[in-house]
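Structure record follows, encoded as structure tokens.
The values are calculated or read from the model by the stated rules, or taken from the named source; none is laboratory data. Since we're looking at a predicted model, the values are computed, not measured. Cβ coordinates were reconstructed from backbone atoms using ideal geometry, including for glycine residues, and neighbour counts include every protein chain displayed.
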Amino acid sequence: MDDPADRSYPGPSMATTGITNRDLLEWFDDEEREVCSDCGERACVSFPGLSAAFCLACNAVKVDGRKISLDEKVL
């Protein structure tokens, strides 16, 4: 019978401290990032076909340019 340890992921291990939104910035080139109007950092990203933007520095979420608060009300 196969040993489950032999089927483990062969790539680098994930950080044990957990991933943060800021770590996700590595997934986006500088030209894919915009300056966040809330925190001023170049960490705001969006995706083609979506009318939403997400700041990976301050966690701001905007839909159609309007900020969404934690209680899901449009500000």
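One table, with the values for the structure above:
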item	result
Counted residues, the range 48-75 - those being at pLDDT below 85, surrounded by 10 or more Cβ atoms within 10 Å (Cβ to Cβ) and out of contact with any Lys or Arg (no Cβ under 8 Å at 6 or more places or on another chain)	1
Of residues in the range 20-47 being in a loop (DSSP other than H, G, I, E, B) and under 10 Å from the mean Cα position of the chain (by Cα), the one modelled with the highest pLDDT	28
